[in-house]
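Right, one structure below, let's go through it.
The values are calculated or read from the model by the stated rules, or taken from the named source; none is laboratory data. Since we're looking at a predicted model, the values are computed, not measured. No Cβ is skipped: glycine too gets one built from the backbone with ideal geometry, and neighbour counts run over all protein chains shown.
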Amino acid sequence: MEAQKLAIQNRMYQYSRAIYRSIKDLIDPYVPADTQAEYRREVLAACEDTMERLAKDPLYFSKPDRALFQDIRRYFPIRAQAQVAWVVEEGVGAAVAFITEQIEAGAFDGGAPRCRATTRKGKPCQRTPLPERDYCPSHQHLETSAEAA
């Protein structure tokens, strides 16, 4: 389990660095060199913070691409912001897809997939779903109604 957690952290680090490498040369070139170096550090820190938050709390981080772009847009000239926004959207989108894949595989839930249903009290069902299914035996009727809709 610890190896899987380390692999996820490493992958998120790679997404963070890929975003940074794609946009670092677009940082405002008209500021002094020491200010530009500070801007680069701030952009890198923002990328890493966003990926760390996404990895730690993926279900409650709404619009991570928008949050990252809002954090770093001030370091780029207007003419480069559309390109930066595109890179951030694509990079964070890939990270979100990876995290979603890991959640579905059960990596964030102790290594076992969980039933997608909720109990009568509104809590998530803790049972393991049937093989190749999203629901446990108690909630398998929900899968057929979801397919019909």
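What the table shows:
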read-out	value
Qualifying residue in region 71-82 (condition: surrounded by fewer than 17 Cβ atoms within 10 Å (Cβ to Cβ), farther than 17 Å from SER22 by Cβ, free of Cβ contacts under 8 Å to residues at least 24 places away in the same chain and more than 11 Å from the chain's Cα centre (by Cα))	yes
Condition check for ALA45: hydrophobic (A, V, I, L, M, F, W, C), at pLDDT 95 or above and either surrounded by fewer than 15 Cβ atoms within 10 Å (Cβ to Cβ) or under 25 Å from PRO113 (Cα atoms) (or both)	yes
Checklist (1) at pLDDT below 95; (2) surrounded by 17 or more Cβ atoms within 10 Å (Cβ to Cβ) applied to GLU52, failing item	(2)
Unique residue being over 22 Å from ILE8 (Cβ atoms) and modelled with pLDDT of 80 or more when the list is SER138, SER145	SER138
Matching residues, region 43-102, being farther than 30 Å from PRO29 by Cα and either of a type in the set (Lys, Arg) or in contact with a Ser or Thr (Cβ under 6 Å, 6 or more places away or on another chain) (or both)	LYS56
